[in-house]
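Below: one structure, written as structure tokens.
The values are calculated or read from the model by the stated rules, or taken from the named source; none is laboratory data. Computed from a predicted structure; not experimentally measured. All Cβ positions, glycine included, derive from the backbone under ideal geometry; neighbour counts span all protein chains shown.
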Amino acid sequence: MSYIPPNEVTSPRRHFTLVGVIDDGKTDDNPTGEDAVSLAVGRWKNDAGTEEAVLGMRWNGNSVNRIGSPQSRGLPTWFIVPPHLRRVILDNMSLGEGKQELLQEVFGDEYHAGPDGTGWICDKCGQAIRCARDGVVEWVDSDKSSTWEGDRISVVHHYTASPLTEKTGRDGCYIPREEQRRTRSTTSWLHLDRLLGPDGLMTLLEMISDGSVPLEEILAIIQRLHLPRYERARKYVTSAIADGLFEPNRRPGFYSQDDLSLVLENYPKEDS
């Protein structure tokens, strides 16, 4: 190889321990990975001896510059991505199952905990869904014979994480099977982690194309799963507008990041 491969870059050794490379920069357009960006997960030990999970980034080298960048005293090193930026990077990457498992192992519940790392609020029990593995998107399938009324799509706890499981059994926070029988309806669901990132967004857009769920409802779900601040701020927005905190300049239900930030600065944040 014309450059030092990322899986051999272990500096700065005093603080950084490489756990694994999640992207070596190789693509169909650049099969060698020369001059491309690599990403790795690792652990950072501070001077007090405490470790934390980190995301590292660097430019691969080439035949002229084997070390790449950054480097220190002739050694290739990793740049540590600030925590508030790594979610932006990770949530917009398409990774195989093995790489996702590695991220889950290193970052724990922080990985796949929503666009701003705070999780979601269950539409059934009202309690927090801390990470994607604990939640699902459930929807009522379209059927002309159904007498279903009300919302057709929602974010709820997976039954293994539901606070209601002891009371309701496997129904948990799902639409009860008895209600499905009564309304002649059926439901489907997908884990939240299947609906995050670019591929997850594409799945939701495909549902729009299929017309399987009302448009306004699925647009709200897309915002909840993919937009920072939206999930935490959405229940306060009506009050914020009524109190004159801001004047919306978009259609109802669509708000800028500045508007959402303003709401969160001025209203309770017990769901954080």
(1) at pLDDT below 90; (2) assigned to a helix (DSSP H, G or I); (3) within 20 Å of ALA132 (Cβ to Cβ): which one isn't true of GLU166, the others all being true?
(3)
Anything in the stretch 29-60 that is on the phi > 0 side of the Ramachandran plot and surrounded by fewer than 20 Cβ atoms within 10 Å (Cβ to Cβ)? List them, or say none.
ASP35, GLY49
Name every residue in the stretch 132-155 that is in contact (Cβ under 8 Å) with a residue 60 or more places away in the chain, assigned to a loop (DSSP other than H, G, I, E, B) and of a type outside the set (Asp, Glu), in order of residue number.
SER142, ARG152
Taking TRP148 as meeting all but one of (1) modelled with pLDDT of 85 or more; (2) under 19 Å from MET57 (Cβ atoms); (3) surrounded by 13 or more Cβ atoms within 10 Å (Cβ to Cβ); (4) not polar (S, T, N, Q), write down the number of the exception.
(2)
Here, strands (runs of 3 or more DSSP E) confined to the stretch 4-123 with at least 3 residues that are touching a Phe, Trp or Tyr at 6+ places or on another chain (Cβ under 7 Å) are 37-45, 51-59
I'm trying to understand the selection: among the residues of the stretch 82-100, which are among the charged types (D, E, K, R) and at pLDDT below 75?
ARG87, ASP91, GLU97
Mind checking which residues of the stretch 242-262 are over 22 Å from ILE218 (Cα atoms) and over 22 Å from the mean Cα position of the chain (by Cα)?
ALA242, ASP243, GLY244, LEU245, PHE246, GLU247, LEU262
Of those in the stretch 156-188 that are in contact (Cβ under 8 Å) with a residue 40 or more places away in the chain and among the hydrophobic types (A, V, I, L, M, F, W, C), the residue surrounded by the fewest Cβ atoms within 10 Å (Cβ to Cβ) is LEU164
